[in-house]
1. So which residues in the stretch 1-33 are part of a loop (DSSP other than H, G, I, E, B) and surrounded by fewer than 20 Cβ atoms within 10 Å (Cβ to Cβ), if there are any at all?
2. Restricting to the stretch 180-190, give me the number of residues that are within 12 Å of residue 231 (Cα to Cα) and either touching a helix residue (DSSP H, G or I) at 6+ places or on another chain (Cβ under 6 Å) or β-branched (Val, Ile, Thr) (or both).
3. Can you find even one residue in the stretch 187-198 that is in contact with a Phe, Trp or Tyr (Cβ under 8 Å, 6 or more places away or on another chain), in a strand (DSSP E or B) and among the acidic types (Asp, Glu)?
4. Condition (residue is in a loop (DSSP other than H, G, I, E, B), among the aliphatic types (A, V, I, L, M) and touching a helix residue (DSSP H, G or I) at 6+ places or on another chain (Cβ under 6 Å)) applied to the stretch 236-245: is it met by at least one residue?
5. Could you list, in sequence order, the residues of the stretch 259-288 that are over 16 Å from residue 310 (Cα atoms) and in a loop (DSSP other than H, G, I, E, B)?
6. What are the residues in the stretch 204-225 that are over 17 Å from the mean Cα position of the chain (by Cα) and not charged (D, E, K, R), if any?
7. Could you tell me whether any residue of the stretch 313-331 is small (Gly, Ala, Ser) and surrounded by fewer than 24 Cβ atoms within 10 Å (Cβ to Cβ)?
8. Which of the residues belonging to the stretch 364-411 are assigned to a loop (DSSP other than H, G, I, E, B), surrounded by 20 or more Cβ atoms within 10 Å (Cβ to Cβ) and within 25 Å of the chain's Cα centre (by Cα)?
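The values are calculated or read from the model by the stated rules, or taken from the named source; none is laboratory data. Computed from a prediction, not measured in an experiment: that's the story for all the values here. Here the Cβ positions follow ideal geometry from the backbone for every residue, glycine too, while neighbour counts run over all protein chains shown.
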Amino acid sequence: MDKLLIEGGTPLKGEIAISGAKNAALPLLCAALLTREPLTLTNVPDLNDIDTMLKLLVQMGVKVSREKVGAGGMKCPEAGTASVTLNASGLDNPVAPYELVKTMRASVLVLGPLTARCGEARVSLPGGCAIGARPVDQHIRGLQAMGAEITVEQGYVHARTTAAGGKLKGARLFTDMVTVTGTENLMMAACLADGESVIENAAREPEVVDLANCLIAMGARISGAGTDVIRIRGVDRLSGTTHRIMPDRIETGTYLCAAAATGGAVRLTNTSSSYLDVVIDKLMDTGCEIGLERTAISLKAPPRLKAVSIRTAPYPAFPTDMQAQFMAINTVADGTAIMRETIFENRFMHAVELIRLGADIKIDGNTAFVTGVGKLDGAIVMATDLRASASLVIAGLAAQGETIVDRIYHLDRGYEQMETKLAALGARVRRVK
């Protein structure tokens with residue numbers, strides 16, 4: 001099992017490019033199920049979750065071709081994936097088996113497209129990070145409202161359409177809670193439904209908008225993406241298109257936090273501040289200087305950060321996926337921060353590992369009290385989920401001495417070549433067995 005070995009205490013300096021967004025890429029790959037024509041996605045990150053989703057689609061009968069491109073556009077098999085073309089004209093197996101679904105929560109995103117296109121789907125209940133309950137009941141209730149008959153047996157969700165012609169019916173879809181994957185699943189299903197569907201209490205995340213833009217380019221009739229009410233008028237068929245995946249706003253925020261925690265100065269390209277307003281505001285509150293360009297962000301850290309309190313909430317509020325990284329920078333900041341997690345009930349597992357590095361953290365339910373210390377000391381720590389992994393890497397970079405981060409397979413699910421990018425910024429970090 002791979003680990004990251006970090007020699008901390010070196011400020012990050014330099015420039016790196018941000019990869020395409022994992023949380024946008026996964027639903028966009030599933031959108032290929034809605035059409036018989038090829039869908040080409042560019043700026044695709046090279047991640048374990050992407051590999052898993054592509055394997056899942058291939059076993060359904062989707063043909064996949066990948067092209068990797070190096071610096072300057074030169075074809076280079078060692079570089080990250082730049083382009084993926086999917087052809088689902090031969091889709092013949094609308095099943096998502098447990099073996100492929102168990103490691104990735106986003107695999108439930110095939111449920112809506114398969115039901116809409118094939119009239120049935122059999123999808124294993126998903127797995128993923130153990131950060132709390134993320135039920136699929138909102139997905140199921142939405143599809144039922146559109147006329148699907150659904151049973152849950154032996155760990156599988158089995159959906160089938162009952163209307164004549166095998167089509168879903170447009171419906172009013174209200175989710176009890178804001179759910180990103182639920183919004184995406186129902187939006188994709190509604191694209192081929194008969195009539196108009198309205199998703200109320202819809203997720204407003206930029207990744208939802210990115211998916212909607214791609215679907216619109218494929219011929220879907222969608223309005224309201226980015227608001228809490230999305231309207232979809234179903235069409236008979238969707239066509240293929242080429243779509244560039246948006247930059248990864250969480251990867252962007254993670255590297256900004258790493259630079260802040262180490263007292264560094266970095267410039268991140270292939271990204272945008274438009275997705276990160278609240279994160280950038282909080283970084284400025286720590287005392288960091290932020291420079292904004294059209295497709296780049298720069299950060300220069302102060303001699304000592306100021307502690308910043310946060311409260312996670314659905315977009316456009318502070319993202320739960322950045323909570324762990326801000327906990328890491330608060331461990332070395334001046335003052336005490338109050339951090340409230342309102343999305344997932346089990347997302348402070350990284351706190352115990354940060355304490356192993358010398359952090360002063362006290363947990364009370366969904367609230368963490370983090371008091372900055374003069375320095376962290378390297379230690380062996382264990383990652384428990386994707387963003388927890390990132391927080392431990394940030395803390396290890398800021399700590400004195402050697403830190404080993406174990407179980408980084410979580411990290412590989414969502415960060416493309418993290419040790420390579422960190423090394424380009426001057427970090428002393430390497431992957432070891």
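1. Matches in the stretch 1-33: 1, 2, 9, 10, 11.
2. 3
3. No, the stretch 187-198 contains no residue that is in contact with a Phe, Trp or Tyr (Cβ under 8 Å, 6 or more places away or on another chain), in a strand (DSSP E or B) and among the acidic types (Asp, Glu).
4. There is at least one residue in the stretch 236-245 that is in a loop (DSSP other than H, G, I, E, B), among the aliphatic types (A, V, I, L, M) and touching a helix residue (DSSP H, G or I) at 6+ places or on another chain (Cβ under 6 Å).
5. 262, 263, 264, 270, 271, 272, 288
6. Residues satisfying the conditions are 213, 214, 215, 216, 217, 218, 219, 220, 222, 223, 224, 225.
7. Yes, the stretch 313-331 contains at least one residue that is small (Gly, Ala, Ser) and surrounded by fewer than 24 Cβ atoms within 10 Å (Cβ to Cβ).
8. Matches in the stretch 364-411: 383, 384, 385, 408.
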